[in-house]
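For reference, the structure discussed in these notes is given below.
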Amino acid sequence: MGKIACDHCHLEFDKDVLICEEGSKKTLYFCCNGCQGVYHLLQDEGLDNFYDRVGDVKLDPASGVSEDLEKFDHEGFAKKYIVQKDGFSEVSLIIEGIHCSACVWLNEKVLHKTDGIIEADINYTNHKAKVVWDPSTLKLSEIIQKIQSIGYNAYPYDAKAQEERANKARKDYYSRLLVGVFATMNIMWLAIAQYTGYFTGIRDDMKNVLNIAEFILATPVLFYTGWVYFKGAYFGLKNRFINMDFLVATGAMLAYIYSIYVMVTGVGEVYFDSVVMIITFIFVGKYLEVLSKKKAIDTLDSMTSSIPTEVVVIKDSEKLVVSVEEIEAGDIIEIKPGEKIVIDGMLISGEGSVDESSLSGEAKPIYKKEGDELISGCLNLDSVLRYRATKGFSTSMLSTIVTLLEDSITKKPKIEKLANEISGYFSVVILILAVGTFVGWYMSGGGFEKALIIAISVIVIACPCALGLATPVATLIGLGVGVKRGILFKEATYLETMAKSDVLLLDKTGTITEGKPDVVEAYIYKEFDKNLLYSLVKSSSHPISKGVVRYLGEDLNEYELENSKNIEARGIEAEFNGQKLFGGNLRLLKERGITLDIESENSIFAFVIDGEVASVYELRDQAKEDAKASISYFKERGFEVAMLTGDNEKVAGSIAKEVGIEKIYHSLYPKDKADIVDRYHDEKRVVVMAGDGINDALALSKSDIAIAMGSGADISIDVSDIVLLDDKMSSLSEALKLSRKTFKNVKQNLTMSLVYNVLTVPLAMAGYVIPLVAALSMSLSSLLVVANAVRIKRGFNE
């Protein structure tokens, strides 16, 4: 049986599966109700000549109208995508299903015929539509619905300025590079003919033809491909600064002007080939720099591109679509399979698997049940889950990570600032040397042409391109590797500081240990209401209190206590119906005049009612399985490693012995920890401090590098310089490995750049290097720097 084409989309199907309809002139066939509806809509709107324009081009079958249109009218969506101008609204949309110019014509016609739309322009090359409308007449959801009704679909274009500029620059540089490469390949053949004729003889008329051909090829390269150098030189001079662009533009322009003079007068040799190769070879380095910046932005964009703008909130048994910016702690959120968790919270209904690989790097799904924590940035895999938000959008993990990445990419390490300063002075020195070289050769009888070409070689070979690329390329790669490994450096400067550190101070609970101590022994001294103890420990976020909560179970009643407060590094206290309650360690009992005859290498929590000990619990925390290996890694590299803890000497000593730490500072208050950091600073040591609790915040803020575990207290994350998302001690050693490898790479790059200039500049001044070789050498030095920076990735299993 022959196939019949659908009268709308023109796709061919067997006749028996098509919708058949008798038209006024012929029998009509449609593959689906969508195509049938669009066909009649176009007839009714007087747009049936669309089919004359589109010809036999096959279209996508008309998509159904989406039921999820209300999100386009939400305030959160408007804040993110819609721009208000002169009382009108403007949005950029990507139109799906466009195949040809007729599709663009149809969409624009339909939109222009819609009341309330002021402007509708669609770019055929990228399918991007700019739509301006009167919000008092029309909603954006109605515009989307209109587009869907004619068989297309539309979604917002996320116009992130930084990403847009990076893409535009990359495409612009690519087209300029193509012109340079094309001219270089062709001018090389002409140059071969020129050099052959120079040695074997060539007629003047043929030489003039070759000169003109080289001029034609060199001109677009100099003024189109090389325009970035002239632009950079102009702004540099405008700000009284001689930069690399000025040197490149000067060298190429001098060779170009001199070659024109030779071409017109016939005296001497042209150097158009040198102009082309100077610009093209150096431009390769410039293009690599653009790609490096684009890659850094892509790292950020990959995390932000799929962030939902709204979530489903349950209020009074109703489901409401709410902007993520409007979510507050306590709101109940529902997520379906395949949706990303965008707000931190606690699971209250349902159970299922969650993919946390974007945060921890762990590919294995994590099973979640009621009471478990859900972290933003993770993906819900297989169940409908409801959870209670514990934070707002701006303070949730995903938003925090994005902010950290944005900041880290823009801030430069000290060594990069130094390299930039050197580059500035370097350019002036090279310009002076070039002028001196020209004068020296000219005065010594070398002639104008020879003196000029040698001076140009000095300018070109010494361009500080490699010097400028040495640090940013290495740090960008280092930051990117860190993100993929779950290690977030808040600034690139911390890569340098971490690499220079020589002291590691570690908090015990939650850093060296799992931070989940479990009750291993319980001693009951008198009968008491367990709800009192449950209510007291429930009011604290300390790991010891959480361990007691787990031991008691969750089926107890939580009383409303009065005057509840934490006692720094010792315990908690409160009142209930006139009873004075407190719980804590042996030091707190001693301060309150209570003697308890107990010795243990475990942590002690005693519960006291009205001055009488009601119960005592021994809790043991397990050292992280990778703690010993990580600590050994630091010690092997000359670090002094010490433990800082509020626990007693026996508990601290037991854990320290297990993981291989000899130096222990025990029974510390938060201020004591900070004082220890200060003592190391007095010895001119560079201190790295890792912790996860509120009691670590002061010491973290005083250390040179503060490292917070991702599951730690918000305040410790706020004051930290590096965040370890996966909480592993192995990530701590990887942070050191990455920072030292990056810093070593930066120093290698700078050394190579400086040694290169020290060796090549004298050779160029002596006349041993022609401009062509100078340009090639300078570009190769830049490529060498970039290739060396890529080596940072080695040794990290990405």
Does at least one position in segment 153-174 carry a residue that is of a type in the set (Gly, Ala, Ser), at pLDDT 80 or above, open to solvent by less than 90 Å² (accessible area, probe 1.4 Å) and in a helix (DSSP H, G or I)? no
Part of a loop (DSSP other than H, G, I, E, B) and β-branched (Val, Ile, Thr): is that true of residue 572 in this structure? no
Quick one: residue 612 ticks every box in (1) under 30 Å from residue 525 (Cβ atoms); (2) buried (at least 16 other Cβ atoms within 10 Å of the Cβ); (3) among the charged types (D, E, K, R) bar one, so which box is it? (2)
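Restricting to segment 608-631, name every residue that is of a type in the set (Ser, Thr, Tyr) and within 28 Å of residue 697 (Cβ to Cβ).
617, 630, listed by residue number.
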May I ask you to list pairs of residues, at least six apart or on different chains, whose Cβ atoms are under 7 Å apart, with the first in segment 647-667 being open to solvent by less than 60 Å² (accessible area, probe 1.4 Å) and the second being basic (Lys, Arg)? 647/508; 652/508; 655/508; 659/628; 660/628; 667/587
Any residue that is buried (at least 17 other Cβ atoms within 10 Å of the Cβ), at pLDDT below 85 and part of a loop (DSSP other than H, G, I, E, B) - is there at least one of those in segment 122-141? yes
Residues (over 43 Å from the mean Cα position of the chain (by Cα), modelled with pLDDT under 80 and either under 19 Å from residue 175 (Cβ atoms) or open to solvent by less than 30 Å² (accessible area, probe 1.4 Å) (or both)) located in segment 215-273: 268, 270
Identify, please: which residue in segment 625-646 is among the acidic types (Asp, Glu) and open to solvent by less than 50 Å² (accessible area, probe 1.4 Å) and is, among those, nearest to residue 500 (Cα to Cα)? 640
Contact list please: Cβ distance under 7 Å, first residue in segment 525-537 and touching a residue at least 60 places away in the same chain (Cβ under 8 Å), second residue assigned to a loop (DSSP other than H, G, I, E, B) and open to solvent by less than 70 Å² (accessible area, probe 1.4 Å), pairs at least six apart or on different chains. 532/559; 536/561
Every residue from segment 771-798 that is at pLDDT below 75 and open to solvent by 40 Å² or more (accessible area, probe 1.4 Å): 772, 773, 776, 780, 783, 795, 797, 798
Suppose we keep only residues that are part of a strand (DSSP E or B) and among the acidic types (Asp, Glu) within segment 502-520. Which one would you say is nearest to residue 598 (Cα to Cα)? 518
Scan segment 521-543 for residues that are in a helix (DSSP H, G or I) and of a type in the set (Ser, Thr, Tyr) and report the count. 2
Going through segment 589-608 one residue at a time, which ones are more than 47 Å from the chain's Cα centre (by Cα) and open to solvent by 10 Å² or more (accessible area, probe 1.4 Å)? 590, 591, 592, 593, 594, 595, 596, 597, 598, 599, 600
List the residue pairs whose Cβ atoms are under 7 Å apart, where the first residue sits in segment 623-635 and is in contact (Cβ under 8 Å) with a residue 24 or more places away in the chain, the second is in a helix (DSSP H, G or I) and open to solvent by 50 Å² or more (accessible area, probe 1.4 Å), and the two are 6 or more positions apart or on different chains. 623/658
In segment 279-315, the residues that are at pLDDT 75 or above, among the hydrophobic types (A, V, I, L, M, F, W, C) and either over 31 Å from the mean Cα position of the chain (by Cα) or open to solvent by less than 20 Å² (accessible area, probe 1.4 Å) (or both): 279, 283, 311, 313, 314
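The values are calculated or read from the model by the stated rules, or taken from the named source; none is laboratory data. Predicted model only: the values in this text are computed from it and were never measured. Quick reminder, even Gly has a Cβ in these numbers, built from the backbone with ideal geometry, and neighbours come from all protein chains shown. In case anyone asks, the SASA skips ligands and DNA or RNA and just uses the protein heavy atoms, side chains included. Shrake-Rupley method; radii C 1.70, N 1.55, O 1.52, S 1.80 Å.
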